[in-house]
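The values are calculated or read from the model by the stated rules, or taken from the named source; none is laboratory data. All values derive from a computational prediction rather than experimental measurement. Cβ: placed from backbone, ideal geometry, glycine included. Neighbour counts: every protein chain shown.
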Amino acid sequence: MITNKVKICGMKHPQNINSISLLNPDFIGVIFYPYSPRFIGISFPIEIFTTGKKVGVFVKNSIENILKKIQKYAIEFGQIHGDESIEFCEELYKNNVSIIKVIRVNEAFSVIQKYTNYSLYILFDTHCKEFGGSGRKFSWEKISEYAFDTKFLLSGGIGIKDVESIKNVFHTKFFGIDLNSKFEIEPGNKNRDELKRFYHKKKFMKFVDTKGFYGEFGGTFIPEMLWPNIKELENNYPKIIMEKKFQYTLQSLLKDFVGRPTPLFYCEELSKKYEAKIYLKREDLNHTGAHKINNTVGQALLAKKLGKKKIIAETGAGQHGVATATVCAILNMDCIVFMGDTDIQRQAINVDRMKMLGATIIPVKTGTLKDAVNEALRYWIDNPESYYLIGSVVGPHPYPHIVSFFQSIISEEIQQQLKEKEGCEYPDYLIASVGGGSNAAGAFYHFLDNLSVKLIAAEAAGLGLKTNKTASSTFHGSKGVLHGSLTLLMQDEYGQIIEPYSISAGLDYPGIGPMHSHLFYTNRAQFISITDDEAIQAGYELSFLQGIIPAIESAHSIAILPKLNLKNNEVVVLNLSGRGEKDMDSYINYMNLYHEHDR
Ligand SMILES: O=C(O)c1ccccc1NCC(=O)[C@H](O)[C@H](O)COP(=O)(O)O
């Protein structure tokens, strides 16, 4: 389990506190122990704390002093480090102090019992003569002996290298971690960049287990011949992605080449119509016209680091193919794109774009996206020196994890932008369309554990749920293995894949990624099916109301709006995953047919 709570302890300079507050720690600790090099001083302007619950750290202090400090600085928690008597704790408790009792681990855990009635949390720290801030770890195995109900934080020498082991602490009372000296430039002065990297890494390892399962979905179900390729990727990706240099190159490209951050646009007319506050996350404004490039930049850099020179990719709507060809062009890599011939016809302009960017297109006979994936996997078996750059949160582990992580920039930005615009980091509703599910995975990512955010996934119902022309994988799907992972897919009684259909080339995939299957099974996200008709109408509505022609994939999300019972002032964020130029023929043909039918 990876816990969400982080306490950052021991800053003593106002400027430093200010900049660390911007990372939104859950708790900020200041030290009132004069013998500590992190002692906050006698008169400190503590009103500068902007976020996080304030924790005062006290060692062998008197009750009177503790209460005075707590009152003066409006402190919310008293962390006590001495060998306090039970009467001492009781007195603080009676004075409404929320106690964090520190247990220096070399004591028998039975000693904790007497404190549990009066402490809100226990903080386990390494036993040392300084009482805290030693930078030394204790053996976390000992924690398995802890059997009381009070939640605990882990502390003592925790650094950036510990993220993996934190994730492997399985204890129901494990509540948070405390960071201190391992993130310092000098005592009392925290290194914001290092802390940022820690947060980043912690978020990265969230949700998926080490074998690539999201709950019961995911994993690696592949032919033996692919095993070495997958293992090479699995063994190297966390290390490479977390490297400072890799992150620097990735962030620079996202900013200067892709054009991030994309705007969060308030839609006045849509908001009036649906009586809510509706925002669009403008992924359509990315270079190449969709969210797909967030992932291709990341994976192509990863491939380069692995020493690969040739990229292979599949594409449905052509957006992933174009994004891959674009990145290969700028990074000077060979690019082969597999594409179903049905899609080649529907997305002719994207085919031309890929060719112009230098990619080789391999048509897959009588096929769409699923056939393109099959063919790409076959090619990869025969050409293991190449890198398979998957475009959605599908495929064997670690692909769903890698793709969702590279797309998580979407929700990271939404959080920051909502804070600026609404003063709150999260919306009431977050809506995104799901084919394989990469744009939705990115838009949901940082909100997954905030249960007050209602996650809505728009699936393609095609001509209707009751027809055989549909791509609603949750409605028609059952558990099975698709393209290397256990997930929900549309299959017949013999386990053969049912051909999906949607007017949107990007949504007619016969399954959804394992993360989405898990969100569906656990009811964390609601999946709503949208017909071609509804999507096209919604695409026209967004065009004339807001001046934005959406990709038909994204129009499925717009079509969700009338289906929600929105209340005034509820904040809705819709991920506008792509722009509609590539779909002009489909829009126009559909409307012509519609009007012919009317006549
Ligand atoms: O940090 C100090 O100097 C300190 C001194 C005396 C008592 C407590 C102190 N720190 C408060 C903490 O709870 C620390 O964050 C905890 O001991 C972990 O520190 P570290 O080992 O440096 O990560």
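Grab the helices (runs of 4 or more DSSP H) fully contained in segment 292-360, keeping just those with 3 or more residues being within 26 Å of ILE241 (Cβ to Cβ).
Ranges flagged: 292-305, 319-331.
Would a scan of segment 128-135 turn up a residue that is crowded, with 21+ Cβ neighbours inside 10 Å and either assigned to a strand (DSSP E or B) or small (Gly, Ala, Ser) (or both)? Before the answer, list the steps.
If we filter segment 128-135 for residues that are crowded, with 21+ Cβ neighbours inside 10 Å, which is where we start, we get 132-133.
After this cut, where a residue has to be either assigned to a strand (DSSP E or B) or small (Gly, Ala, Ser) (or both) as well, the list is 132-133.
So far as segment 128-135 goes, yes, one or more of its residues are crowded, with 21+ Cβ neighbours inside 10 Å and either assigned to a strand (DSSP E or B) or small (Gly, Ala, Ser) (or both).
Consider segment 481-510. How many of its residues are of a type outside the set (S, T, N, Q), without any contact (Cβ under 8 Å) to a residue 24 or more places away in the chain and either surrounded by fewer than 16 Cβ atoms within 10 Å (Cβ to Cβ) or under 20 Å from ILE390 (Cα atoms) (or both)?
Total satisfying the criteria: 5.
Taking the stated definitions as given, is GLY82 within 37 Å of the chain's Cα centre (by Cα) and either outside any helix (DSSP H, G or I) or away from the ligand (no atom under 16 Å from the Cβ) (or both)?
Here the answer is no, as GLY82 does not meet what is asked.
Out of GLY10, GLY52, I need the residue that is surrounded by 13 or more Cβ atoms within 10 Å (Cβ to Cβ), away from the ligand (no atom under 12 Å from the Cβ) and at positive phi. Which one?
Exactly one of GLY10, GLY52 is surrounded by 13 or more Cβ atoms within 10 Å (Cβ to Cβ), away from the ligand (no atom under 12 Å from the Cβ) and at positive phi, namely GLY52.
Give me the pairs, please: first residue somewhere in segment 67-84 and in the same structural domain as SER98 (by TED's automatic domain parsing), second residue anywhere and among the hydroxyl-bearing types (Ser, Thr, Tyr), beta-carbon distance under 9 Å, and either six or more positions apart or on two chains.
Pairs that qualify, where the first residue is in the same structural domain as SER98 (by TED's automatic domain parsing) and the partner is among the hydroxyl-bearing types (Ser, Thr, Tyr), are GLU76/SER98; PHE77/SER98; PHE77/TYR121; GLY78/SER98; GLN79/TYR121; ILE80/SER119; HIS81/TYR33; GLU84/TYR115.
Being without any contact (Cβ under 8 Å) to a residue 40 or more places away in the chain, under 16 Å from the mean Cα position of the chain (by Cα) and under 22 Å from LEU302 (Cα atoms) narrows it down to one of SER404, SER392, SER411, so name that one.
That would be SER411, the only listed residue that is without any contact (Cβ under 8 Å) to a residue 40 or more places away in the chain, under 16 Å from the mean Cα position of the chain (by Cα) and under 22 Å from LEU302 (Cα atoms).
May I ask you to verify whether LEU250 is in the same structural domain as LEU566 (by TED's automatic domain parsing), part of a helix (DSSP H, G or I) and hydrophobic (A, V, I, L, M, F, W, C)?
Working: in the same structural domain as LEU566 (by TED's automatic domain parsing): no; part of a helix (DSSP H, G or I): yes; hydrophobic (A, V, I, L, M, F, W, C): yes.
No: the conditions fail for LEU250.
Can you go through TYR115, TYR121, TYR93 and tell me which one is within 16 Å of the ligand (Cβ to nearest atom), part of a helix (DSSP H, G or I) and in the same structural domain as LEU153 (by TED's automatic domain parsing)?
Answer to the selection: TYR115.
Suppose we filter SER19, SER110 for residues that are more than 11 Å from the ligand (Cβ to nearest atom), surrounded by fewer than 16 Cβ atoms within 10 Å (Cβ to Cβ) and touching a residue at least 40 places away in the same chain (Cβ under 8 Å); which single one remains? Spell out the reasoning first.
Details: SER110 fails: touching a residue at least 40 places away in the same chain (Cβ under 8 Å).
Only one candidate qualifies: SER19.
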